[in-house]
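Structure, as structure tokens:
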Amino acid sequence: MNLADSAFLRACRRQPVPHTPVWYMRQAGRALPEYHKVRAGVPMLTACATPDLIVEITMQPVRRYGVDAAIFFSDIVVPLKAIGIDLDIKPGVGPVVADPIRDAKDLDALRPLEPDDVSYVTEAIEALTGELGGTPLIGFAGAPFTLGSYLIEGGPSKNHDKTKAMMYGAPELWHTLMERLTGIVLEHLRIQIAAGASAVQLFDSWVGAIPAEDYREFILPHTRRIFEGVAGVPRIHFGVGTGELLGVLGEAGADVVGVDWRVPLDEAVRRVGPGKALQGNLDPALLLAPWEVVERKALDVLRRGRAAEGHVFNLGHGVLPSTDPDQLKRLTDLVHEAA
């Protein structure tokens with residue numbers, strides 16, 4: 001099959017599809033026993049820099065579930081690590097930064113990303129495009145706000161208080177930080193596209209902490225620059241807790257707006273506005289319920305998704321580690337078979 005004819009890419013472009021395409025955020029990872037087998041004793045950032053492991057882990061859910069797209073196995077902090085930021089992903093915690101960014105001199109650590117910094121990304125994607133055949137590969141990156149929050153806070157944060165303090169209290173420093181990160185993110189996405197990624201997703205995991213008016217001032221210009229810089233492939237924009245931001249996310253330049261589980265898709269269509277496809281949005285926790293519940297809720301998501309100009313079925317966030325892979329297989333088949 002020609003890649004351009006894939007249901008996933010057609011839905012992203014708001015074209016007619018033979019069935020609703022489906023893939024899952026975090027489909028390659030913690031819910032799969034085969035993932036734990038190949039990752040045994042291998043630190044996360046080592047796995048993300050090992051082409052053979054990247055290829056195997058990326059392929060695992062495609063083989064098991066028959067999803068309509070693969071997503072490149074990596075982590076949003078990989079480009080930061082690649083330019084020399086002293087950070088690690090600690091199990092049960094997340095990314096931890098040794099020297100947080102708090103003032104202008106700290107920005108010197110954020111040098112531009114070069115293709116040679118992430119040669120393993122290029123090698124892995126080139127190998128994957130050969131293995132995947134007609135299945136598209138999604139490249140991805142973390143958005144500047146979310147990466148900036150990790151860098152400022154020094155790790156995960158519930159309130160993002162230091163991040164907001166810089167954004168509101170030192171706006172010039174904030175925009176300089178966002179500009180540096182935007183350049184790094186944009187180059188990381190371009191490297192993935194050049195190697196063969198058919199689409200890209202920008203994860204802004206923590207941006208739901210920001211009101212829409214402040215998003216427009218402090219974040220939107222930088223997000224727009226990223227999406228403008230990767231025109232030519234379908235672009236997906238996703239954040240958690242972004243129900244109040246869906247309108248402004250629709251203005252940021254992506255072709256597809258990801259919706260978390262908090263907003264029904266037919267309501268999300270109204271908030272996002274015309275000219276966009278939507279992605280989502282089954283609550284990942286529902287996969288821990290009996291199949292009858294999953295089936296009923298998934299069919300409701302599909303029904304509401306018909307209001308969109310294009311719909312890519314997904315979860316409203318990533319697959320939970322305790323998810324039974326058989327549930328995801330049944331869900332994939334259900335989405336493919338639903339009228």
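Each reported figure results from applying straightforward, stated rules to the coordinates on display, with no laboratory input. Computed from a prediction, not measured in an experiment: that's the story for all the values here. We place every Cβ from the backbone using ideal geometry, glycine too, and count neighbours over all the protein chains shown.
Figures for the structure shown
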item	result
Using θ = phi - 60° and Karplus 6.51 cos²θ - 1.76 cosθ + 1.60, couplings along region 119-133 (whole Hz; Gly, Pro as x)	4, 5, 5, 4, 4, 5, 5, 4, 5, 5, 4, x, 6, 6, x
Note, ³J(HN,Hα) from phi for region 70-78, Karplus 6.51, -1.76, 1.60, rounded to Hz, x at Gly and Pro	9, 10, 4, 6, 6, 8, 5, 8, 4
Helix 220-229 vs. the chain, principal-axis angle (Cα, 0 to 90°, nearest 10)	60
5 angstrom amide H check on residue 281, placed H, neighbours 5+ away	314
Separation of the residue 337 and residue 13 label points, Cα + 7 Å toward Cβ, nm	3.0
Principal-axis tilt of helix 51-65 within the chain, Cα atoms, nearest 10 degrees	30
Calculated P(r) tail over 19 Å for region 117-184, as whole % of Cα pairs	50
Equivalent ellipsoid semi-axes, region 68-166, via Cα gyration tensor eigenvalues times 5, rooted, Å	29, 16, 11
³J(HN,Hα) computed for each position of region 274-285 - Karplus, 6.51 cos²θ - 1.76 cosθ + 1.60, integer Hz, glycine/proline x	x, x, 10, 8, 10, 10, x, 8, 5, 4, x, 5
Along principal axes, Cα extents of region 218-295, largest first, whole Å	44, 24, 23
Ranking of 24, 35 by count of other Cβ atoms within 10 Å, fewest first	35, 24
For residue 71, distant residues with modelled amide H under 5 Å away	138
Mean Cβ neighbour count within 10 Å, used as a protection proxy, ranking 207-218, 128-139 highest first	128-139, 207-218
Other-chain or far-sequence residues with amide H under 5 Å of residue 155's (modelled H)	97
Centre separation in Å (Cα based) which lies between region 261-277 and region 88-164	28
Positive-end residue of 336, 57, 240, charge dipole of region 3-337 with Cβ unit charges	336
Unsatisfied cross-links (Cα-Cα over 23 Å) in the set 90/162; 90/329; 37/81; 37/329; 90/158	90/329; 37/81
Between 0 and 90°, nearest 10: helix 171-195 axis offset from the chain longest Cα axis	50
Coordinate range along principal axes, alpha carbons of region 120-239, Å, largest first	49, 26, 21
Extension gain from residue 159 to residue 295, taking 0.36 nm per residue of separation minus the Cα-Cα distance	45.5 nm
Estimated distance in nm for a label pair at residue 285 and residue 104, the labels positioned 7 Å out from Cα along Cα-to-Cβ	4.6
Burial ordering of 272, 240, fewest other beta-carbon atoms within 10 Å first	240, 272
Square roots of five times the Cα gyration tensor eigenvalues for the chain, Å	30, 23, 19
